[in-house]
2 protein chains.
Amino acid sequence: MIDIDGFDTRILAFLQDDAAVTNQQLGERIGLSASQVSRRRQRLEETGVLRRYRADIDPASVGFTVVAFVGVALDAHSRQNARRFKDLVRGLPEVQEAHVMTGDMDYLLKVVVRDLAALADFINEDLLPHDSVRNVRSSIAMETLKDDNLLPFAAGL
Amino acid sequence: MIDIDGFDTRILAFLQDDAAVTNQQLGERIGLSASQVSRRRQRLEETGVLRRYRADIDPASVGFTVVAFVGVALDAHSRQNARRFKDLVRGLPEVQEAHVMTGDMDYLLKVVVRDLAALADFINEDLLPHDSVRNVRSSIAMETLKDDNLLPFAAGL
DNA sequence: GTATCCATGCACATTCTGTGCATCACACCT
DNA sequence: AGGTGTGATGCACAGAATGTGCATGGATAC
């Protein structure tokens, strides 16, 4: 693990909340010059701590109204099946997250689509036809209370 | 819904993937001048389509190694209980996402913590003591295959 | 004590941003 | 058809942000 001091941590905490902040502003808040913030950011980017910068788009305003979590159980736990399923989900743009899970479902997918019809299509045409899939169990998010995806830097966690 | 044309869609698609791109580069890729890209971005920001810009930090490199999904069932489906639980999860920094779900679990939380001990603490000290919570069912992500949180602009979805 | 290494601040050249302005295309109305 | 208005566009330019060179200072090791 790269060594990250208090300055770095504070830079990361600010940037993950608002990446549009300038190095100057950032420096004022943490007590560092803009150039030094620039250098630290560059180091954090080069070492892979800062992976990239992303725009956060309101899904509803561009027509994506349905979020669902889909649990998937594979047919046999062979290495080959797992491999093929990984390749599948990586290529599906509707899948925002895919995790290998403990418990009775092998995978948990977070899926974003335009409407319920698109969700049905996704399950029936992308997931179920894949012959390593035994069964799926989907649950729809009726309301999203929080979706910031911020690492809990706050509170010294 | 704000009207968004093809230029806007392409701007959004690029920005959600890489917000560090300059207006000049963006303009070259979609066939627009930098100034016009700037104006469109400003409009998208003002109308709330572009909510904010975030740095994507590698969780492992700053010590957050455990991702878990926690399903929560409330005791009684009273409006008051729901309200209090909402306020609770909004204030918990470990919770990256919180959704109200269909199915046998009322809520699904995505939780990020440093280790399994912190997960146990979170469940035993933050969740279970809350007297509207009936029971929780947690599942740990052993491996994350995908976590881009990109809206599926690609493929004309 | 001395040498070395690294973080820091300052200055400056380069790049980026966003606004003013004139032009153009398109729609609408008479 | 002609005239008018609205909005999108590109260009130019002023202001701002970035990042690199350079000298300084503090800490560590020998």
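For segment A:42-69, residues that are within 12 Å of DNA strand D (Cβ to nearest atom) and in contact with a strand residue (DSSP E or B) (Cβ under 7 Å, 6 or more places away or on another chain) total 3. In the set B:Arg84, B:Arg29, only one residue is out of contact with any Asp or Glu (no Cβ under 8 Å at 6 or more places or on another chain), of a type in the set (D, E, K, R) and touching a residue at least 24 places away in the same chain (Cβ under 8 Å); that residue is B:Arg84.
Taking the stated definitions as given, is B:Val21 outside the structural domain of B:Ile123 (by TED's automatic domain parsing) and more than 12 Å from DNA strand D (Cβ to nearest atom)? In short, yes.
Entry remark, segment A:91-144: residues being open to solvent by less than 20 Å² (accessible area, probe 1.4 Å), within 26 Å of A:Asp58 (Cα to Cα), part of a strand (DSSP E or B) and out of contact with any helix residue (DSSP H, G or I) (no Cβ under 9 Å at 6 or more places or on another chain) number 6 in total. Being modelled with pLDDT under 95, of a type outside the set (Asp, Glu) and touching a strand residue (DSSP E or B) at 6+ places or on another chain (Cβ under 7 Å), is that true of even one residue in segment A:124-133? Yes, segment A:124-133 has at least one match. If the condition is being within 11 Å of DNA strand C (Cβ to nearest atom) and either surrounded by fewer than 18 Cβ atoms within 10 Å (Cβ to Cβ) or among the acidic types (Asp, Glu) (or both), then segment A:11-29 contributes A:Ala20, A:Thr22, A:Gln24, A:Glu28.
Of note, A:Phe69 satisfies the criterion of being among the hydrophobic types (A, V, I, L, M, F, W, C), touching a Ser or Thr at 6+ places or on another chain (Cβ under 6 Å) and in contact (Cβ under 8 Å) with a residue 60 or more places away in the chain.
The values are calculated or read from the model by the stated rules, or taken from the named source; none is laboratory data. It should be emphasised that the depicted structure is a prediction, and the values quoted were computed from it without experimental measurement. Ideal geometry is used to build each Cβ from the backbone, glycine not excepted, and the neighbour counts take in all protein chains shown. Note: areas computed on protein heavy atoms with side chains; ligands, DNA, RNA excluded. Shrake-Rupley method; radii C 1.70, N 1.55, O 1.52, S 1.80 Å.
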